[in-house]
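Following: one structure in structure tokens, then a few remarks.
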């Protein structure tokens, strides 16, 4: 492997690079999902992401997340153009979103069903706009980008006893390589850091980052106790014990090892964009779907996702590289798995696997589809705090 | 031939069994001396790489993940019967 492989992407107006050039079609609220689905049937090349949000919640935390995630997806560097389908009377209506989409630097079509004469007329206009955007996107070309332009996030889900031994260890080795080459790497899932706050805080670059790490993990722990009561002890479950994990610290180490060993330069809130380069923590939930949306809203162009039991999910606008923790899973779900980290127990060295993963990552950045992309397994929903009104 | 155990970090005093290991099995790994399994160890569970005193920190991933609750012989299975929480 060459020391610094060449990568390329689409240079955006704000200086970021996309490693995909998607047309995003997104509703502001679930009421108009049908319009988005209709656009998707007429223009299958568009990435359409219906979702269950946009109204019915009013707490400031939920509103912050709602606006941050919707605007973050539109602003995302892998998105070259977007169609925003609104209703008119929803909380996250297009006028309320407008100030977050100023200086967008990419084509954006905004249509509201209540202003366009209903769902069919809106869809018709949107389809015409989508086709024009696609023609424009097809004319854009990839240009060289640096590793410092890459922002990768790491997720684990459907873990098994080998996740923390093979897949997460191998991803951690890639993370160290990326940080060493100037890239930004982020992981989150605060519930899966319980018991390791001291380990993470010790790696913080300063007191403030250490304080935020400790505060985040303590809050995740007390929230788990509050929600689950006596069952909170099952965060280390009988299944975990059967798998050889004895303590919560050991289980969590198996999770956080996927971030590698680098210094932690910043803690960002759910969906917030980092201001620094290097290793970042996202203060977000462990649930894969919500966590991935937070990573995407932050602007991550690429994700690694380790799994032991076998989850096939990806993210609509972001290539997700699925890493199987064991060969049995890899063979059973080869259609969904990109990399088999199970080879680590079959005599392949960590260095060899790491280099293979870096080469796979380079091909992915440069345009080759991952399994979730090829299978259209993108999933979009995001975190909420309070129940709906 | 694949090693039957994996030492994740050089500081670790336990390794992970990569397959079921039988009592009395001589385990060769890396370039160092072999160790003998004191008892049978299930796949993905921990094996002590050296004698551990009662109350000694158990190191995996290069970090403290628990404390022994009794003396543990080299080659032993390390789990809830002889290991407790990191702070206990």
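For this structure, a couple of remarks:
- Verdict on residue A:363 being in contact with a helix residue (DSSP H, G or I) (Cβ under 9 Å, 6 or more places away or on another chain) and not in a loop (DSSP other than H, G, I, E, B): no
- Inside the range A:245-284, residues that are under 30 Å from residue B:82 (Cβ atoms), part of a loop (DSSP other than H, G, I, E, B) and touching a strand residue (DSSP E or B) at 6+ places or on another chain (Cβ under 6 Å) make up a count of 2.
- Set side by side, the residues A:109, A:191 differ, and just one is within 30 Å of residue B:86 (Cα to Cα) and in contact with a helix residue (DSSP H, G or I) (Cβ under 6 Å, 6 or more places away or on another chain), which is A:191.
- Set A:341, A:332, A:313: member being modelled with pLDDT of 95 or more and within 13 Å of residue A:371 (Cβ to Cβ): A:313
- Residues that are in a loop (DSSP other than H, G, I, E, B), more than 17 Å from residue A:156 (Cα to Cα) and either within 14 Å of another protein chain (Cβ to nearest Cβ) or free of Cβ contacts under 8 Å to residues at least 60 places away in the same chain (or both) within the range A:184-212 comprise A:195, A:203, A:206, listed in sequence order.
- The residues in the range A:3-33 that are assigned to a helix (DSSP H, G or I) and out of contact with any strand residue (DSSP E or B) (no Cβ under 9 Å at 6 or more places or on another chain) can be counted, and the count is 2.
- Set side by side, the residues A:267, A:257 differ, and just one is more than 14 Å from chain B (Cβ to nearest Cβ), buried (at least 20 other Cβ atoms within 10 Å of the Cβ), under 28 Å from residue A:166 (Cβ atoms) and touching a helix residue (DSSP H, G or I) at 6+ places or on another chain (Cβ under 8 Å), which is A:267.
- Pair list, Cβ under 7 Å, 6 or more apart: the range B:2-24 residue on the phi > 0 side of the Ramachandran plot, other residue surrounded by fewer than 20 Cβ atoms within 10 Å (Cβ to Cβ): B:24/B:36
- Within the range A:320-347, tally of residues that are within 14 Å of chain B (Cβ to nearest Cβ), assigned to a loop (DSSP other than H, G, I, E, B) and within 25 Å of residue A:365 (Cα to Cα): 2
- Screening residue A:153 on (1) surrounded by 23 or more Cβ atoms within 10 Å (Cβ to Cβ); (2) more than 14 Å from chain B (Cβ to nearest Cβ); (3) more than 30 Å from residue A:109 (Cβ to Cβ) shows it passes everything except condition (3).
- The set of residues in the range A:291-312 being over 23 Å from residue A:333 (Cβ atoms) and out of contact with any strand residue (DSSP E or B) (no Cβ under 9 Å at 6 or more places or on another chain) consists of A:297 alone.
The values are calculated or read from the model by the stated rules, or taken from the named source; none is laboratory data. Keep in mind that this is a model prediction, so the values were computed, not measured. We place every Cβ from the backbone using ideal geometry, glycine too, and count neighbours over all the protein chains shown.
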